[in-house]
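*Asks:* Quick one: the structure is below, questions incoming.
The values are calculated or read from the model by the stated rules, or taken from the named source; none is laboratory data. The structure presented is a predicted model; accordingly, all values stated were derived computationally and were not measured. Counting neighbours? That spans all protein chains shown, and the Cβs are built from the backbone with ideal geometry, glycine included. For the accessible areas, the whole protein counts, side chains as well, though only heavy atoms, and no ligand, DNA or RNA atoms are used. Shrake-Rupley method; radii C 1.70, N 1.55, O 1.52, S 1.80 Å.
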Amino acid sequence: MKYIYILALIVIIVVCTLISKESFSIPTAVLNQIQTVDGIELNERSEPAAPDTSKDKVIGMLDNSQLPETGVALGNKSVERREQSFEIEDEKCQSVKFCENLRSNMKCGYCLQDDIEGSHPFHYGDEEGAFLKRNGGKQSLCKKGVDRSGSSEWVPPSELNGDKQKDIEDEEDYIKRRYPNEKNPTRILSLTALQEKKNALGIKDSGYSGCLKMRERYICSKVNDCSPMNFEMFGVKAKDICGFCADDGKAYARTDLPDNGKTYDSFKYVSTTSCENIEIFGDGVNCAAHKNDRNKCIGMRSLKDPSFKACAFKYDNKKVTVPITIPKPSEVKYGKVGKAEIYDKCESAWGLIRPNQCSWFEQVYPCLKSKGGGPHSEKCLESLWKQMGFVTSYRMLFNNGEAALVDSWHKMDINRVMESMQDIYNKIYSGDYDIAKKWVKICFNMDVNDCNRAGLINDKNRSQYWKETSDPCLQKLYKYGGGRENGLANPQNKNKWGFGFFGQLKEGLTPMEFLQKTKDVNGNFKENETEHEIYGSMSSKSNLLKFDKNLSHRDYVKNIEDLVKMKNMSNNEAKKVPSIYHMDSWSKKKFSNANWVDKYTATKLISGDTPDYPVAESKQCWSEFARRMLVHPNVKLLNLKTLSFKHAEEFHSLSNKRGYSILDKNSRKQGESVFEGNYLITQDTYDLDTFPFWKFIEMSGLYWKNRWPQFKKKLIDYSDTEQSTYQNVVRPTDEKQAEEIARAYGYQIGGGGYSFAGNYGTKGLYLIRAGSRNGRCYFGRGGSNSQMKNNVGYPKMRVDWNNNQEVILFRKSSRFFNSLPATTNIRDAWNKPFLFSYKDKNNEEVRVLFVQAYKKDKFPYYDFLKFTIKN
């Protein structure tokens, strides 16, 4: 059987040689059905065969068909003689030179690969591809299928698409002839509309249209720049047919639109400026008048303190759409329309860019060349930065630690870069002071207001304040309220502060964490040690400096102003120590019920100075103070460093008593209280500058003020100290002594025709209160002691005016003789802490203490009682 097939093959070859001078190829489809002969291998060809070598004809030859009159007989069956259609059609195709020649009456297709390689690209073929040449010529490399590059695509004959495409193509020819000027708007619009009609037909890319599309798409695919597009192929210059797509950095065949016939929407940020008052500093200043003048706005100053700015400038940037008209617009020629299988797509808002428009686009849009991805030029990033409405250069980012952000932009396409830049607005208008401060400086080269968000309030963050008062703001508020550089309350000292009476903690705490810690004060806190910890921890009795950032600005300034008032408290006010039971001690913000503690602490907080005591007297050493306190019968000395006031209740209202916890110890150190335990005062407490020693001395004296009998009794227990009366002193029986007493009152001695002493009817020392001798004193000699001391009637009167009071007489040997300064002016001795001095009948000096002087405020009881203390 194998030999039979071999014989048949030989016959076929002979027949083909006799039938035609043309070469003959066995179709692949036929060869596939022929069994392989041993030792002979048949080469398969993938290209479609010509119509005259059909399967039926070959099989007929193999079956020994009879040769008809018009054909060649082979085998048992008759076959027709091969027609000459291949030669005829192929000849037509060989004569085609341009895509425009591919008409619907031709069965010619176009092979791009042949065109690229310089071979004749127009071939006789069908929908499947080009037919092989019978003479064994070069086989076409074209294959069917869709490939973006188009390098191996076959464009079938145009007859496949019928009359509709032909009509459109004919109309295109007419338009081109009718309007030969390629810039004519009517020509441009008409050809664009016809192209869209072709795309909308959903036809296959065949004939003239397919050829042109294939060529143009291939030419443009070889271009990767906007200009100058110096690429030419098939006699076509890329710059004449291609446009650049900025979105993907590729070129596509273009359709030109009329000049200025296309507009695209861009955007930019446009600023509406305003000038706003800074709270507190800007009170009363007309900032709004300078809403369009940044320099004038930020130059306005506080009415209260010109060292502070009163106004803040605001750039209220809003995103607005900006229409941009393209001078010479173009669009993708072969876009996705209808059922088109091969199409181009450029998503750029402005379409394609003609080569002669590249410079215009680069000027309008400097990011043109890197729109699809970085690295981006400085000019590009600068243009985007300015498009955001920022007034600085993006290079400010490098000077503020944001080089990484710029580096990240180079890895993004332009849209993502712009999104990243837009995110900066969240930082500019942030409620976080540090973030906003940094980015406002970067973007607007402007300093934010340290204290509140004036100038940066927007719809997203309407708060007037930063989420936390900034350190620079506290510094300003402190100064604005009256604080000075060296004041302990200066916010620059925040790391040195403790937590008021609670004491020290190393770590910083939020108010809530602090409250949790106070549940175990002894376990979590320790005693204050430094001045900053003792006095610089509190700005009032109920406010910790540590948490002043949580106060409103007005409340903080008021606190500082209150401290300034306390600092400037008069000495007369400062020396007061109201009772702890008095309402003022509870209703006012104070550090203690002792005004001196308020003044002292406020001075430390505001200026850092140590004020002088508000009293003229100096603070004695501890031992002297203890002795002064011990003149009170109920004050006891427990040891050399401790006094007990347990039973001296008069002192209990001067201060609260505290125990021995951390809080109690810190309270005493700060001056809030002085007593510890059961009304004890130690030398350590007394030695504090805040201890109101004068009030304790005063209270000790007040005890004796109403206790003349006890006082007198104590003194007369000692030698040369006697109890007497006022009248006994000023109604002497001795003439010389009488003259001394009269002079002590400041009266005139005798006169008016009479000597001072005489045998007058009135005995003893007396005063005339009427007539020409009014105010003159006389002494009547003779008479008894009783007559010299009894009362007399008007117009005569005893120099004491018939008044009497108890007195204590101190002889020269008395231990109390020098307790007070002596005076010979009896009137001074009545109301001032003086002892009245006179000579008795024995010419010995006697000093007198009047009970009237004793009961005056501030009488120095201690000056006498210290000689009565028994150690």
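*Asks:* By the scheme Lys and Arg +1, Asp and Glu -1, what is the net charge of all other residues having a beta-carbon under 13 Å from that of Lys427?
*Replies:* Values: positive: Lys437, Lys438, Lys441, Lys460; negative: Glu402, Asp423, Asp432, Asp434.
My count for the surroundings of Lys427 gives 0.
*Asks:* For Lys736, go through the aspartates and glutamates and keep the ones whose alpha-carbon is under 20 Å away, minus same-chain ones fewer than eight residues off.
*Replies:* Asp800, Asp840, Glu844, Glu845
*Asks:* While we're here: For the chain, with the dipole built from +1 on Lys and Arg beta-carbon atoms and -1 on Asp and Glu ones, taken about the Cα centre, which of Cys346, Met214, Phe281 lies farthest toward the positive end?
*Replies:* Phe281
*Asks:* Here's a follow-up. Can you pick out the pairs among Lys812/Lys832; Lys494/Lys641; Lys494/Lys590 whose Cα atoms lie more than 28 Å from each other? All intermediate terms of the calculation are to be shown ahead of the outcome.
*Replies:* Numbers: Lys812/Lys832 21 Å; Lys494/Lys641 35 Å; Lys494/Lys590 21 Å.
The pairs that break the limit, which is 28 Å between Cα atoms, are Lys494/Lys641.
*Asks:* Accessible area of Lys107, 1.4 Å probe, to the nearest 10 Å²?
*Replies:* Result for Lys107: roughly 80 Å² accessible.
*Asks:* Between Leu638 and Gln475, take the C-beta separation as r, use R0 = 56 Å, and let me know the FRET efficiency to the nearest 0.05.
*Replies:* Given R0 = 56 Å and the Cβ-Cβ separation, E is 0.70.
*Asks:* Of all accessible surface on the chain at a 1.4 Å probe, what whole percent is carbon and sulfur? Let's see the in-between values first.
*Replies:* Numbers: 20740 of 43180 Å².
Carbon and sulfur: 48 percent of the exposed surface of the chain.
*Asks:* Return the aspartates and glutamates within reach of Lys575: Cα separation strictly under 14 angstrom, same-chain partners fewer than 8 residues apart disregarded; answer none if there are no such residues.
*Replies:* Straight-line reach from Lys575, under 14 Å: Asp598, Asp612, Glu617, Asp689, Glu698.
*Asks:* Return one whole number: the accessible area per residue of the stretch 277-349 in Å², for a 1.4 Å probe. Intermediate values should be presented prior to the final figure.
*Replies:* Numbers: 3910 Å² over 73 residues.
That works out to 54 Å² for each residue.
*Asks:* What does the charge dipole of the stretch 472-573 about its Cα centre add up to, to the nearest 20 debye, if the Cβ of each Lys and Arg holds +1 and the Cβ of each Asp and Glu holds -1?
*Replies:* Working: 16 positive and 13 negative charges, 62 e Å.
In debye, rounded to 20, the stretch 472-573 gives about 300.
*Asks:* Follow-up question, since we're still on this one. How far is the Cα center of the stretch 265-298 from the Cα center of the stretch 633-676, in Å?
*Replies:* Measuring centre to centre over Cα atoms gives 59 Å.
*Asks:* How much of the DSSP beta bridge set in the stretch 715-795 is antiparallel, as a percent to the nearest 5?
*Replies:* Details: 4 of 8 bridges.
If I count the DSSP bridges inside the stretch 715-795, around 50 percent turn out antiparallel.
*Asks:* Excluding Lys262 itself, calculate the net charge of residues whose Cβ lies under 11 Å from the Cβ of Lys262, where each Lys or Arg counts +1 and each Asp or Glu counts -1.
*Replies:* Details: positive: Lys328; negative: Asp256, Asp259, Glu331.
That sum, taken over residues with Cβ under 11 Å, equals -2.
*Asks:* Something else now. Counting helices only, and only those DSSP H runs with n ≥ 4, report the 222 nm mean residue ellipticity of the chain as the sum of -39,500 (n - 2.57) divided by its residues, in deg cm²/dmol to the nearest 500.
*Replies:* Numbers: 34 runs with 295 residues, N = 871.
Estimated from H runs of four or more residues: -9500 deg cm²/dmol.
*Asks:* Which percentage, to the nearest 5, of the DSSP beta bridges contained in the stretch 809-871 is antiparallel? Mind showing how you got there, number by number?
*Replies:* Values: 6 of 8 bridges.
Antiparallel bridges make up about 75 percent of those DSSP assigns within the stretch 809-871.
*Asks:* Continuing with the same structure: Round to a whole angstrom and tell me the spacing of the C-alpha centers of the stretch 559-575 and the stretch 721-792.
*Replies:* Rounded to whole Å, the Cα centres lie 55 Å apart.
*Asks:* What nm value, rounded to one decimal, do you get for the distance between Ser653 and Phe398 when each label is placed 7 Å out toward the C-beta?
*Replies:* Placing both labels 7 Å beyond Cα along the Cβ direction yields 7.7 nm.
*Asks:* Which distance in Å, rounded to a whole number, links the C-alpha centroids of the stretch 477-507 and the stretch 307-384?
*Replies:* Rounded to whole Å, the Cα centres lie 55 Å apart.
*Asks:* From largest accessible area down, sort His532, His120; use a 1.4 Å probe on the protein chains.
*Replies:* On the way: His532 35, His120 60 Å².
Solvent-accessible surface, decreasing: His120, His532.
*Asks:* In debye, nearest 20: dipole of the chain around its Cα centre with unit charges on the Cβ of K, R (+) and D, E (-)?
*Replies:* On the way: 132 positive and 112 negative charges, 1563 e Å.
The calculation lands at about 7500 debye.
*Asks:* Among Pro611, Ser655, Val631, whose Cα lies farthest out toward the positive end of the dipole of the stretch 608-664, if unit charges sit on the beta carbon of Lys, Arg (+1) and Asp, Glu (-1)?
*Replies:* Val631
*Asks:* Here's something else I'd like to know. Counting only protein chains, not ligands or nucleic acids, how are Ile424, Ile324 ordered by accessible area (probe 1.4 Å), most first? Don't jump to the answer; show the numbers that get you there.
*Replies:* Working: Ile424 0, Ile324 35 Å².
Of Ile424, Ile324, the descending order of accessible area is Ile324, Ile424.
*Asks:* Just to make sure I understand: if all protein chains stay in place, what is the order of Leu381, Leu405 by accessible area at 1.4 Å, largest first?
*Replies:* Working: Leu381 0, Leu405 30 Å².
Greatest to least solvent exposure: Leu405, Leu381.
*Asks:* Could you work out the local net charge near Lys763, counting Lys and Arg as +1, Asp and Glu as -1, over the other residues with Cβ closer than 10 Å to its Cβ?
*Replies:* Details: positive: Arg781, Lys789; negative: none.
My count for the surroundings of Lys763 gives +2.
*Asks:* Here is a further query. Do any trypsin sites (Lys or Arg not before Pro) in the stretch 436-503 lie in a DSSP loop with no more than 15 other beta carbon atoms within 10 Å, and if so, which? Mind showing how you got there, number by number?
*Replies:* Working: sites: Lys437, Lys438, Lys441, Arg453, Lys460, Arg462, Lys467, Lys476, Lys479, Arg484, Lys494, Lys496; in loops: Arg453, Lys460, Arg462, Lys467, Arg484.
Answer in residue order: Lys460, Arg462, Lys467.
*Asks:* Find, among the chymotrypsin sites (Phe, Trp or Tyr not before Pro) in the stretch 740-849, those assigned to loop by DSSP (not H, G, I, E, B) with at most 14 other beta-carbon atoms within 10 angstrom.
*Replies:* Values: sites: Tyr745, Tyr747, Tyr754, Phe756, Tyr760, Tyr766, Tyr778, Phe779, Trp801, Phe810, Phe816, Phe817, Trp830, Phe834, Phe836, Tyr838; in loops: Tyr747, Tyr754, Phe756, Tyr760, Trp801, Phe816, Phe817, Phe834.
Passing both the DSSP loop test and the Cβ count: Tyr754, Trp801.
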